[in-house]
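J.: Mind looking over this structure? Questions follow.
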Amino acid sequence: MELKVKDITSFLEGIAPLGSQESYDNSGLIVGNHDMVVTEVLLSLDCIEDTVEEAIKIGANLIIAHHPIVFSGLKQLNGKNYVERTVIKAIKHDIAIYAIHTNLDNYKLGVNYEIAQRIGISNPQILAPKKNTLKKLVVFCPESHSEKVIQAIFEAGGGNIGEYTKCSFESSGTGAFLPSEKANPTLGKVGTREKADEKRIEVLIPIHKESQIIKAMKMAHPYEEVAHDIYPISNANQDEGAGMIGELDKAMEVKAFLAHLKSTFNCGVIRHTELVRKEIKTVAFCGGSGSFLLNNAKSHQADIYITGDFKYHEFFDAEKAIIIADIGHFESEQYTPHLILGILKKNFINFAFHLSKVNTNPINYF
Ligand SMILES: [Zn+2]
């Protein structure tokens with residue numbers, strides 16, 4: 001089967017839409033052509049020159065990395081730094097580079113879910129659910145077609161609340177309309193005000209699927225003009241957001257837990273604050289640079305907060321209320337390529353995906 005870059009990227013974006021990335025991010029196709037036929041795919045945490053070299057060696061022409069090689073605009077491409085050299089090398093060898101970064105962080109089965117599995121937390125919840133990612137769709141529909149319309153909305157991605165799918169609310173009422181001479185009404189006559197028994201259907205929809213849901217709803221609806229309202233709502237979306245929190249099946253003695261972290265994530269060192277708990281049960285965590293979520297972890301009364309890139313002064317903010325454990329940025333996210341591999345393998349069964357063997361961690365421990 002011939003696969004194009006866009007076949008793979010649009011599948012990934014159905015799971016972790018580009019619209020879910022943070023404003024500073026640059027996820028998406030950074031180098032290459034959407035229509036290029038893919039030979040093999042290389043998966044890595046970072047895409048640097050060595051990664052492109054590895055792709056050349058194994059005959060892969062698509063690199064899917066977690067971190068975007070380009071964050072801000074490139075004004076020149078003359079190879080004066082590693083970013084420019086990486087991009088130039090990729091272009092020269094017809095290699096596409098795709099990044100799936102904060103949109104994969106914010107996905108509920110994404111980067112942090114993978115970390116949860118590694119730590120041994122079976123039912124993690126999002127630590128900082130995102131706001132302004134949901135809307136309420138209300139549509140008015142004749143009773144005869146209400147089930148068809150609801151199912152179409154569900155199939156297009158509406159009606160999910162946490163562990164519940166196909167959620168909707170229906171109420172009955174009377175709709176009324178007066179068709180003009182140019183109208184082609186399903187019910188009633190031109191020039192006569194018609195009344196019909198209708199359902200008012202309410203469904204929660206994610207913003208990034210709004211256009212496909214509205215399209216599916218209209219296709220399933222019998223009327224020429226579909227009366228519907230879309231409301232912005234300020235509910236937090238428990239299916240999307242930063243960091244995660246959950247409980248260990250069994251509390252662990254604090255030093256045994258740190259040893260477990262150190263071996264699971266192959267840490268050269270764990271930088272941590274005072275061990276103010278004897279045992280660890282509730283664990284908050286965020287892959288990458290997660291110091292911005294410390295207050296969320298504290299307010300959820302986590303015993304420990306695990307992430308990377310804590311600065312000296314930020315460690316003071318633990319204030320004996322929580323243990324901060326900085327296991328390293330690379331270490332915390334090193335299993336992200338495995339996560340992407342798992343996602344891709346479910347859909348592209350007989351295709352060759354390779355995990356990069358290049359260690360891109362720029363930090364060494366002496
Ligand atoms: Zn990162």
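J.: Check off (1) away from the ligand (no atom under 16 Å from the Cβ); (2) crowded, with 21+ Cβ neighbours inside 10 Å; (3) within 19 Å of Lys108 (Cα to Cα) for Thr282 and give me the number that stays unchecked.
T.: In the conditions (1) away from the ligand (no atom under 16 Å from the Cβ); (2) crowded, with 21+ Cβ neighbours inside 10 Å; (3) within 19 Å of Lys108 (Cα to Cα), Thr282 misses (2) alone.
J.: From Gly59, Gly73, grab the single residue that is modelled with pLDDT under 95 and of a type outside the set (Asp, Glu).
T.: Result: Gly73 is the single residue among Gly59, Gly73 that is modelled with pLDDT under 95 and of a type outside the set (Asp, Glu).
J.: Check the stretch 328-349 and report whether any residue there is closer than 16 Å to Asp105 by Cα, of a type in the set (D, E, K, R) and modelled with pLDDT of 95 or more.
T.: Yes: the stretch 328-349 contains one or more residues that are closer than 16 Å to Asp105 by Cα, of a type in the set (D, E, K, R) and modelled with pLDDT of 95 or more.
J.: Okay, next question. Would you kindly identify the helices (runs of 4 or more DSSP H) lying entirely within the stretch 302-366 that contain at least 1 residues that are of a type in the set (Val, Ile, Thr)?
T.: 336-347
J.: From Ile100, Ile121, Ile88, grab the single residue that is at pLDDT 95 or above, surrounded by fewer than 20 Cβ atoms within 10 Å (Cβ to Cβ) and either of a type in the set (D, E, K, R) or touching a Leu at 6+ places or on another chain (Cβ under 7 Å) (or both).
T.: Just one listed residue meets the conditions, Ile88.
J.: Of Ile245, Ile213, Ile205, which residue is in contact (Cβ under 8 Å) with a residue 60 or more places away in the chain, aliphatic (A, V, I, L, M) and over 25 Å from Asn123 (Cα atoms)?
T.: Ile213 is the lone residue from the list that is in contact (Cβ under 8 Å) with a residue 60 or more places away in the chain, aliphatic (A, V, I, L, M) and over 25 Å from Asn123 (Cα atoms).
J.: So, in the stretch 274-310, how many residues would count as being farther than 17 Å from Phe257 by Cβ and among the acidic types (Asp, Glu)?
T.: The number of residues fulfilling the criteria is 1.
J.: Please find, among Ser180, Ser172, Ser234, Ser211, the residue that is part of a helix (DSSP H, G or I), surrounded by fewer than 16 Cβ atoms within 10 Å (Cβ to Cβ) and small (Gly, Ala, Ser).
T.: Testing whether each residue is part of a helix (DSSP H, G or I), surrounded by fewer than 16 Cβ atoms within 10 Å (Cβ to Cβ) and small (Gly, Ala, Ser) leaves just Ser211.
J.: Could I ask something else about it? Quick one: would you say Ile64 is within 16 Å of the ligand (Cβ to nearest atom) and buried (at least 16 other Cβ atoms within 10 Å of the Cβ)?
T.: Yes; evaluated as a whole, the condition is true for this residue.
J.: Shifting gears a bit: Within the stretch 248-301, which residues are part of a helix (DSSP H, G or I), within 27 Å of the chain's Cα centre (by Cα) and hydrophobic (A, V, I, L, M, F, W, C)?
T.: Those that are part of a helix (DSSP H, G or I), within 27 Å of the chain's Cα centre (by Cα) and hydrophobic (A, V, I, L, M, F, W, C): Leu261, Phe292, Leu293, Leu294, Ala297.
J.: Something else about it: Any residue at all in the stretch 309-317 that is surrounded by 21 or more Cβ atoms within 10 Å (Cβ to Cβ) and of a type outside the set (Gly, Ala, Ser)?
T.: The answer is yes, given that some residue of the stretch 309-317 is surrounded by 21 or more Cβ atoms within 10 Å (Cβ to Cβ) and of a type outside the set (Gly, Ala, Ser).
J.: Taking the stretch 19-46 only, how many residues are closer than 22 Å to Val83 by Cα and touching a residue at least 40 places away in the same chain (Cβ under 8 Å)?
T.: Qualifying residue count, the stretch 19-46: 18.
J.: Still on this structure, I have one more. Would you mind finding the one in Lys262, Lys250, Lys209, Lys215 that is within 21 Å of Glu114 (Cβ to Cβ) and not hydrophobic (A, V, I, L, M, F, W, C)?
T.: So the residue among Lys262, Lys250, Lys209, Lys215 that is within 21 Å of Glu114 (Cβ to Cβ) and not hydrophobic (A, V, I, L, M, F, W, C) is Lys262.
J.: Looking only at the stretch 292-309, filter to residues that are in contact (Cβ under 8 Å) with a residue 24 or more places away in the chain and under 13 Å from Arg271 (Cα atoms); which one of those is farthest from the ligand (Cβ to nearest atom)?
T.: Ile304
J.: Out of the stretch 92-130, which residues are among the acidic types (Asp, Glu) and assigned to a helix (DSSP H, G or I)?
T.: Passing the criteria: Asp105, Glu114.
The values are calculated or read from the model by the stated rules, or taken from the named source; none is laboratory data. Because the structure is a prediction, the values reported are computed rather than measured. Positions of Cβ are generated from backbone atoms using ideal geometry, with glycine treated the same way; all protein chains shown enter the neighbour counts.
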